[in-house]
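Shown next, in structure tokens, is the structure this report addresses.
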Amino acid sequence: AIILVHWLLTVWGCMNYMFPASYAWGNFSVLAVGIWAIVQRDSLDAIMMFLTGLLLTVLTDIIHISVFYPPNNYLSDVKRFSAGMAIFSLLLKPVSCYLVYQMYRERGGE
């Protein structure tokens, strides 16, 4: 569910080309690591890399949103929706990090 929600929000966030390609590459590559963590249920490294990637994308999303947010007179409805979904994804990432950390502990992590 975490992967699906963040995938959908990232797709919607990239809908208008408001953010550079690094926004999409960063988020989709972390989601790919998340799929790897789901497939290998016994791997602590996979879930730890997913957690680390989520934490790093929190920082990079803050930078992308703050640097590339357009001025008010250039905001169309699509840009506003795209930015809103990117912000919503950013706000959900701490919750996702907590849930992934709980999965890490269930797999035997400290």
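A few comments on the model shown:
- Theoretical FRET efficiency, 1/(1+(r/R0)^6), r = Cβ-Cβ of MET103 and LEU59, R0 35 Å, to 0.05: 0.95
- Burial order of peptide ranges 31-38, 68-75 (average beta-carbon count within 10 Å, highest first): 31-38, 68-75
- Inter-site label distance for ILE38 and SER66 at 7 Å from Cα along Cβ, in nm: 3.2 nm
- Per-residue [θ]222 nm for the chain (sum of -39500 (n - 2.57) over DSSP H runs n ≥ 4, rounded to 500): -27000 deg cm²/dmol
- In whole angstrom, region 1-107 maps to an equivalent ellipsoid with semi-axes of 28, 11, 11, each derived as √(5λ) from the alpha carbon gyration tensor and ordered largest first.
- Relative to the longest principal axis of the Cα atoms of the chain, helix 21-39 runs at roughly 20 degrees.
- For region 1-89, accessible area per residue (1.4 Å probe, heavy atoms of protein chains only), Å²: 59 Å²
- Between 0 and 90°, nearest 10: helix 2-13 axis offset from the chain longest Cα axis: 20 degrees
- Alpha-carbon centroid distance for the pair region 3-30 / region 33-92, whole angstrom: 7 Å
- Ranked from largest to smallest solvent-accessible area, with a 1.4 Å probe on the protein heavy atoms, LYS93, LYS79 come out as LYS79, LYS93.
- Carbon and sulfur %, accessible surface of the chain computed with the full protein complex present, 1.4 Å: 69 percent
The values are calculated or read from the model by the stated rules, or taken from the named source; none is laboratory data. Just so it is clear, the structure is predicted and the values come from calculations on it, not from any experiment. Note that each Cβ is placed from the backbone with ideal geometry, even for glycine, and that neighbours are counted across all protein chains shown. We work out accessible area using only protein heavy atoms, side chains counted, and drop any ligands, DNA or RNA first. Shrake-Rupley method; radii C 1.70, N 1.55, O 1.52, S 1.80 Å.
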